[in-house]
Amino acid sequence: MTDPLGYMESVTQDYGDIFTLQFLFVPTVFVSGPEGMQQLFTNTKEITAPGEPNKFVAPLVGSNGLLLLDGARHKYRRKLLTPAFHGDRIRAYGQRICAIADAVMQQQPVGSTFTAISVLDDICLRIILEVVFGLREGDVRYDGFRQVVPALLKLSLTPAMDFCFSFPILQQNWGPWKQFCQLIAQFDDLIYGEIRDRRHKLDSTRSDVLSDLIFAQDEQGEAMPDEEIRDLVPSLIFAGQEASATAIAWALYWVHHLPAVKKTLLQELNQLGDTPDPMSIVQLPYLSAVCNESLRIYPTQTVTFPRVVQTSIEMMGYELTPGTVVRGNIYLLHQQEDLYPNPKQFKPERFLERQYSNYEFLPFGGGARRCPGDVLALFELKLVLATLLSHYQLELVDRRPERPQRRGVTFSPASGLKMKLLGLNHHAW
Ligand code: HEM
């Protein structure tokens with residue numbers, strides 16, 4: 001609990017790329033070699049990705065949330081979400097993502113110090129509210145969501161709530177659980193209110209996730225019930241905000257911790273001209289390499305969600321029997337010396353010199369539960385980083401190395417990343 005990453009590293013030194021640990025009370029096989037990762041994600045008959053092991057998050061994300069579904073229903077729901085998170089839809093958000101990053105950052109007075117993770121949480125929440133609900137500042141329920149979501153996340157991250165999630169017997173009408181239920185009730189009022197209004201107005205021109213779900217029909221031509229729509233939304237909002245803010249915080253840290261990286265990145269950004277198209281920003285090679293290296297060295301999620309063996313299978317010389325719980329260890333894979341020489345060193349060039357396969361570099365997991373927000377997340381990471389770097393002069397308050405610390409399901413900078421706003425770059429795009 002105090003140093004999970006250091007512990008994982010010491011275990012892999014003694015036992016190699018596959019080992020079993022008692023993890024959250026469950027004996028779990030951790031796999032970290034590319035060969036094991038490939039098996040984990042491609043042998044879908046032998047190893048499945050059930051929702052049952054994730055049921056402890058049901059109170060937060062809903063029992064029909066993606067994380068709790070499996071099989072055909074899971075596949076169908078993911079398919080419904082795909083258009084909203086890919087292609088033209090995402091491209092259309094480019095200008096808005098940069099504008100949101102600017103609008104939030106401009107609230108910081110020049111000369112002030114601030115905790116980057118809080119600012120990034122706000123930026124990423126505003127982005128995900130636009131993508132998922134199509135809501136903007138001034139819309140009826142926008143402020144409601146901006147109050148309830150951070151309050152729910154903050155409460156969910158407390159040790160008391162950790163206990164409540166792990167031991168359902170504690171989920172009674174008292175203290176933190178009572179407060180949690182009140183917040184969930186407010187969240188439900190907002191979502192159901194929004195669903196009701198959308199169904200009433202029948203505006204088919206809207207292109208956000210909520211409208212996609214409301215107007216979707218299954219093979220029998222049936223619309224999805226409101227309760228199922230409601231349950232699909234929270235995991236997108238919570239996962240979308242927390243993981244994205246954490247990823248951007250790490251990238252900001254590395255760029256400001258290593259002057260040579262910042263210099264090279266600024267040189268690349270400065271060549272963009274006065275009004276760059278977001279697509280030309282996200283295609284920049286060094287920016288992409290910096291973001292990949294940042295996701296490699298400290299992946300926001302260090303392990304995949306659990307997979308379960310259905311029929312015996314041999315993996316890396318061991319027989320895994322039915323019922324065995326297996327997780328891909330993303331952190332250890334990204335630390336492998338043969339794939340990433342000097343793995344503790346932040347070196348974006350490795351992504352310019354070599355192409356890594358989906359089983360060697362997997363910040364978004366893989367297979368049936370691969371992150372459905374991966375394209376949006378990378379787009380957001382690059383655009384927010386580029387905007388902050390090009391428009392603002394920032395520095396780290398503390399020059400000492402940052403440690404990763406657990407924050408919900410992600411590992412983010414332990415200090416929250418204290419930064420100082422030194423000035424504005426008026427000449428930048
Ligand atoms: C840099 C940001 C992000 C990272 C690094 C990340 C990473 C991950 C990882 C590692 C998984 C588990 C995959 C597995 O078990 O194989 C996952 C699942 C998931 N992510 Fe992300 N994620 C990010 C952003 C997002 C965003 C923006 C959204 C929503 C728009 C999102 C929604 C989800 C959901 C709903 C799941 C569960 C999928 C399922 O159960 O089928 N994530 N993510």
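Pop the C-beta distance of Met1 and Thr82 into the FRET formula with R0 = 35 Å and round what comes out to the nearest 0.05.
After rounding to 0.05, the efficiency reads 0.45.
Once you place label points 7 Å from the Cα toward the Cβ at Ser63 and Asp14, how far apart are they in nm?
Result: 4.1 nm between the two label points.
Multiply the residue separation of Lys420 and Glu137 by 0.36 nm, subtract the distance between their alpha-carbon atoms, and state the gained length in nm to one decimal.
Full-extension gain reported as 99.2 nm.
At Ala216 and Arg406, where each label point lies 7 Å from the Cα along Cα→Cβ, what is the point-to-point distance in nanometres?
Each label point is offset 7 Å from its Cα along the Cβ direction, giving 3.2 nm.
Ala99 to Tyr318: FRET efficiency via 1/(1 + (r/R0)^6), r the Cβ-Cβ distance, R0 51 Å, to the nearest 0.05?
Rounded to the nearest 0.05, the efficiency is 0.50.
Compute the distance in nm between two label points, each set 7 Å from the Cα along the Cα-to-Cβ direction, one at Cys181 and one at Lys45.
Here the modelled spin labels are 4.7 nm apart.
Based on other C-beta atoms within 10 Å, arrange Lys418, Lys154, Lys382, Lys45 from fewest to most.
The order, fewest Cβ neighbours first, is Lys45, Lys154, Lys418, Lys382.
From zero up to wherever the largest Cα-Cα distance of the chain sits, split into 10 Å bins and tell me the percent of pairs in each.
Calculated P(r), rounded to whole percents: 4, 21, 31, 28, 14, 2, 0.
Which FRET efficiency value, to the nearest 0.05, is calculated for Trp429 and Gln355 with the Förster distance at 25 angstrom and r the Cβ-Cβ distance?
0.25
Quickly rank 339-350, 267-278 as a protection proxy: mean count of other C-beta atoms within 10 Å, highest first.
The peptides rank, most packed first, as 339-350, 267-278.
Of the cross-linked pairs Lys154/Lys201; Lys382/Lys420; Lys344/Lys382, which ones have a Cα-Cα span greater than 29 Å in the structure shown?
From the list (Lys154/Lys201; Lys382/Lys420; Lys344/Lys382), the Cα-Cα distance tops 29 Å for Lys154/Lys201.
Give the relative contact order (percent, whole number) for segment 4-424; include only Cα pairs under 8 Å separated by 6+ residues.
27 percent
At what distance in angstrom do the alpha carbon centres of segment 37-68 and segment 186-219 lie from each other?
26 Å
Take Thr158, Thr324 and order them by how many other Cβ atoms sit within 10 Å, fewest up front.
With the fewest neighbours first, Thr158, Thr324 line up as Thr158, Thr324.
Residue-wise, which Karplus ³J(HN,Hα) couplings in Hz belong to segment 168-179, taking 6.51 cos²θ - 1.76 cosθ + 1.60, θ = phi - 60°, and x for glycine or proline?
x, 4, 7, 7, 10, 6, 8, x, x, 5, 5, 5
Give me Val26, Val31 sorted ascending by neighbouring Cβ count inside 10 Å, so fewest comes first.
Exposure proxy ranking, most exposed first: Val26, Val31.
May I ask you to list the chymotrypsin sites (Phe, Trp or Tyr not before Pro) in segment 1-54 that are in a DSSP loop and have at most 14 other Cβ atoms within 10 Å of their Cβ?
Answer by residue number: Phe25.
How do 147-153, 67-73 rank on mean C-beta neighbours within 10 Å, highest first?
147-153, 67-73
Every number in this text was worked out from the coordinates using simple rules, so none of it is lab data. This is a predicted model, so every value here is computed, not measured. Heads up, the Cβs are rebuilt from the backbone with ideal geometry, glycines too, and the neighbour counts pull from every protein chain shown.
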